[in-house]
Amino acid sequence: MLSAASSALIICCGALAREIKTLIRLNQWYHIALTALPAELHNHPEQIPEAIRQKIGEGRKQYKRIFVAYADCGTGGVLDQVLKEEGVERLPGVHCYGLYAGESRFQSLQEQTPGSFYLTDFLVKHFQRLVVESLGIDRHPQLKSLYFNHYTEVVYFSQQPTEALLLRAREIADQLLLDFTHVETGLRGMEKILEQKIPLRESVNLSLNLDQHRRVV
């Protein structure tokens with residue numbers, strides 16, 4: 001989603017692309033372009049910082065303002081080092097779960113149930129490819145207990161939930177032999193951060209009611 005008329009660029013994780021596209025569309029942020037890196041990089045977080053550096057270099061040829069829609073995402077602070085060198089900001093926090101749920105709410109959930117495996121809309125849709133197949137569980141089923149034995153619960157943070165997504169999230173919990181909790185977070189947390197971090201000229205805040213604007217990709 002690149003536009004010659006755009007003046008700002010968001011470089012995002014593929015796992016956040018649909019949600020950010022929704023916010024751009026609903027808020028009419030026509031000056032913001034979006035480019036995404038593959039969500040599979042989360043399985044190789046050591047590759048994330050340099051992949052983002054490359055995207056920043058490409059983006060500087062066209063855009064006045066660049067923002068990175070990644071949290072630390074397992075890079076152990078290396079991403080922050082790269083962004084400091086490049087003079088670019090990113091999303092706050094360690095990962096996107098706190099962004100969606102709100103940091104205080106997320107910390108509270110972690111304290112209540114420390115052995116939680118978290119899902120988002122994106123992960124629910126692509127669990128088979130990004131988790132089961134990427135980790136080799138489909139080929140070696142015995143790996144499931146190795147990867148998930150220390151978890152006690154699946155927590156589904158939903159952004160734009162549907163009955164189908166909720167059913168699939170429950171199926172994943174059953175597949176992993178874990179308890180299930182659903183927390184509807186919406187997109188307001190993401191929206192507030194983008195409003196703060198990116199100049200929103202020519203934009204209109206629509207006071208989103210996402211329940212009225214659900215669309216399933």
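The values are calculated or read from the model by the stated rules, or taken from the named source; none is laboratory data. All values derive from a computational prediction rather than experimental measurement. Note: ideal-geometry Cβ built from the backbone for every residue, glycine included; neighbour counts use all protein chains shown.
The table below gives the values:
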read-out: Subset of segment 5-47 [of a type in the set (S, T, N, Q) and out of contact with any Cys (no Cβ under 8 Å at 6 or more places or on another chain)]; value: Ser6, Ser7, Thr22, Asn27, Gln28, Asn43, Gln47
read-out: Qualifying residue in segment 43-51 (condition: surrounded by fewer than 20 Cβ atoms within 10 Å (Cβ to Cβ) and either in contact with a Pro (Cβ under 7 Å, 6 or more places away or on another chain) or outside the structural domain of Gln196 (by TED's automatic domain parsing) (or both)); value: no
read-out: Residue check for Leu91: touching a residue at least 24 places away in the same chain (Cβ under 8 Å), over 15 Å from the mean Cα position of the chain (by Cα) and crowded, with 21+ Cβ neighbours inside 10 Å; value: no
read-out: Test: residue in segment 57-79 that is surrounded by fewer than 13 Cβ atoms within 10 Å (Cβ to Cβ) and of a type in the set (S, T, N, Q); value: no
read-out: Residue tally, condition farther than 21 Å from Thr113 by Cβ and touching an Asp or Glu at 6+ places or on another chain (Cβ under 7 Å), over segment 166-192; value: 2
read-out: Selection from segment 57-94 of residues that are in contact with a strand residue (DSSP E or B) (Cβ under 6 Å, 6 or more places away or on another chain) and hydroxyl-bearing (Ser, Thr, Tyr); value: Tyr63, Tyr70
read-out: Only one of Leu187, Leu135, Leu177, Leu194 that is at positive phi and aliphatic (A, V, I, L, M); value: Leu177
read-out: Matching residues, segment 37-57, being among the acidic types (Asp, Glu) and under 23 Å from Arg18 (Cβ atoms); value: Glu40
